1. Across 5 Å bins from the origin, how do the percents of Cα pairs in region 20-100 run, short distances first?
2. Between Ala35 and Thr93, 0.36 nm times their residue separation minus their Cα-Cα distance comes to what?
Amino acid sequence: MVAESPSSISQSASPRWTFLTNHSHVLILLSQNSAMVLREVAIHVGITERAVQRIIAELEEAGILERERIGRQNTYRINANQHLRHPIESHRTIADLLNLGTQD
C-alpha cells in the first residue's frame with residue numbers, strides 16, 4: 001500500500017471517516033514537527049485552526065502535551081509514556097500511537 005502525503009490527501013476528496021481521531025492526527029503531526037504552527041496543523045488535519053486550539057487545550061489538560069513558548073513561537077513536548085485513555089486500548093501508550101504515523 002502506498003501512503004499519500006498530507007498535501008495530496010487535502011487536495012483529493014476527503015474521506016467520510018477515518019480510523020484515527022483529529023486528536024491523534026494533531027499529536028502525530030506535532031511529534032514530527034514540535035514547532036509546527038497551528039494553522040499548518042489545521043490544514044494538514046483538515047479542520048479549523050480553532051478546532052486545533054481546542055484539541056491542544058484538551059491534550060494539555062490531560063497531561064499528554066506540554067507547551068513551551070520560545071519567543072513568538074510555541075513548541076510542544078509530548079508525554080509519550082502515558083497510556084491511551086479508552087479501556088480497549090489502555091494497554092498501549094501514546095508512543096505506540098505515534099509509531100503509527102511514522103513512515104518506514
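1. Percent of Cα pairs in each bin: 3, 15, 27, 28, 17, 8, 2, 0, 0.
2. Extending this stretch completely gives an extra 18.6 nm.
A short reminder: the numbers here are calculations on the coordinates, not readings from a lab. Predicted model only: the values in this text are computed from it and were never measured.
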